[in-house]
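The values are calculated or read from the model by the stated rules, or taken from the named source; none is laboratory data. All values derive from a computational prediction rather than experimental measurement. Cβ coordinates were reconstructed from backbone atoms using ideal geometry, including for glycine residues, and neighbour counts include every protein chain displayed. SASA here: full protein model, heavy atoms, side chains in, ligands and nucleic acids out. Shrake-Rupley method; radii C 1.70, N 1.55, O 1.52, S 1.80 Å.
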Amino acid sequence: AVTVNLQPQVDAGWSFVVPEGTVITLQPHVNDSTVVDFLWTPQGDISDPTQLHPTFAAMNDQVYTLTAIGPGNCFASDTLYVKILKPFKVPNIFSPNGDNINDKWVIKNLSDYPGVSVEVFNRYGQQVFYSVGYSQPWDGTFNGKPLPVGTYYYVIKPRNDFKPLAGPVTIIR
């Protein structure tokens, strides 16, 4: 007698880019979930790593692997990636005076937001800085010349259904 066992076929599902703390329910696909056992790894933050559709709060960048094990120990695996967007905090002041302390308007974690746009305007509404992505922090100049001490206004548009953020930033020397 020959026993032929089901070869599991598994698709771990879409990868995610989400804000830190987002609760995710994984949505994988398998060819027959009634005769297959499941194991998600790493298991640390997953509610039940043996369930097909577990949930977890996304707190760290992570690669997750779903392994499906069928009768006769036939198995298959697939992976998905979870990228976390940490909140960014916008400083309201910086001092581009050449002393190497707060010489640039550094917005931590903003470079993690793909396609983010940053605009800065003077009090007359003239755009003095524009960037798509934020790989180079603003140095307080416009057309290569230092801007005067004062308050400027920014609009940050993170994209991907995140709300724009606006507020003041002050240059001091």
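Identify, among Tyr124, Leu52, Asn31, the residue whose Cα sits farthest towards the positive end of the charge dipole of the chain, taking +1 on the Cβ of Lys and Arg and -1 on the Cβ of Asp and Glu, with the dipole about the Cα centre.
The residue sitting most towards the positive pole is Tyr124.
Hey, what's the Kirkwood Rh for the range 5-58 if you take every pair of different alpha carbons, in angstrom? All intermediate terms of the calculation are to be shown ahead of the outcome.
Numbers: mean 1/r = 0.0825 Å⁻¹.
For the range 5-58, the Kirkwood estimate is 12.1 Å.
Given [x] 119; [y] 132; [z] 151, which label gives volume of the Cα convex hull per residue in Å³ as computed from the coordinates?
Structure-derived value, by its label: [y].
Round to a whole number: what % of the accessible area of the chain belongs to carbon and sulfur, probe 1.4 Å?
Details: 5420 of 10280 Å².
Of the solvent-accessible surface of the chain, carbon and sulfur hold 53 percent.
Would you calculate the separation in nanometres between label points at Ser95 and Thr41, each defined as 7 Å from the Cα along the Cα-to-beta-carbon direction?
5.3 nm
Under a 10 Å cutoff between Cα atoms, tell me which one of Val149, Val128, Val118 has the largest fluctuation in the Gaussian network model of the chain.
Val149
Report, in whole Å, the centroid distance computed from the Cα atoms of the range 109-161 and the range 1-44.
So the separation of the two Cα centres works out to 43 Å.
Using the heavy atoms of the protein chains and a 1.4 angstrom probe, tell me the accessible area per residue for the chain in square angstrom. Working shown, then result.
Details: 10280 Å² over 173 residues.
Accessible area per residue, the chain: 59 Å².
Could you tell me which of the pairs Lys83/Lys104; Lys108/Lys145; Lys104/Lys163; Lys89/Lys145; Lys108/Lys157 are separated by over 21 angstrom between their Cα atoms in the structure shown?
Check vs 21 Å cut-off fails for Lys83/Lys104; Lys108/Lys145; Lys104/Lys163; Lys89/Lys145.
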